[in-house]
1. Filter the stretch 1-19 down to the residues that are modelled with pLDDT under 95 and out of contact with any helix residue (DSSP H, G or I) (no Cβ under 6 Å at 6 or more places or on another chain) and list them by number.
2. When you go through 58, 39 one by one, which is the residue that is in contact with a helix residue (DSSP H, G or I) (Cβ under 7 Å, 6 or more places away or on another chain), more than 18 Å from residue 128 (Cα to Cα) and part of a loop (DSSP other than H, G, I, E, B)?
3. For the condition at positive phi and surrounded by fewer than 15 Cβ atoms within 10 Å (Cβ to Cβ), what is the one hit in 16, 83, 56?
4. Within the stretch 71-85, take every residue that is under 18 Å from residue 25 (Cα atoms) and in a loop (DSSP other than H, G, I, E, B) and give me the one that is modelled with the lowest pLDDT.
5. Have a look at 94, 22, 32, 79 and point out the one that is within 16 Å of the chain's Cα centre (by Cα) and closer than 17 Å to residue 126 by Cα.
6. Out of 124, 88, report the one residue that is buried (at least 16 other Cβ atoms within 10 Å of the Cβ), at pLDDT 90 or above and more than 22 Å from residue 48 (Cα to Cα).
7. Out of curiosity, is residue 138 in contact with a strand residue (DSSP E or B) (Cβ under 6 Å, 6 or more places away or on another chain) and either in a helix (DSSP H, G or I) or without any contact (Cβ under 8 Å) to a residue 24 or more places away in the chain (or both)?
């Protein structure tokens, strides 16, 4: 897997474990070994701007995903046999927002960051939580994927 992690905010985040988690999720979802994704850590102002510009929502959020390929839950995109490697898309995570959410919910920051990586990747793979049934299915899959790394969904 080709996982590019960039940190563009003031609270340095050790990316190694999160990149390992992303790789495990991508493998579990049946993606080819040369599949690429980018994960960028940003400050609240940046994610707020992305949220407003691209999602039409006001205020910061914890994670945003921008898929390049069309996908549906359980049906990940595939690269053509003679084409370039598959690029899933870009994921942006605001650690300050994640930290605030973790404190509010009484969960460990590292666990909440892991959930955001899984959650963001699932969005890149066509999962969503617009309605209750989709939200329940997505939360179940998040738990299954986190368990691969010996974690539980916070």
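1. 10, 12, 14, 15, 16, 17
2. 58
3. Exactly one residue qualifies, and that residue is 56.
4. Once the filter is applied, the top-ranked residue is 79.
5. 22
6. 88
7. No: the conditions fail for residue 138.
The values are calculated or read from the model by the stated rules, or taken from the named source; none is laboratory data. All of these numbers come straight from a predicted model, not from anything done at the bench. Cβ: placed from backbone, ideal geometry, glycine included. Neighbour counts: every protein chain shown.
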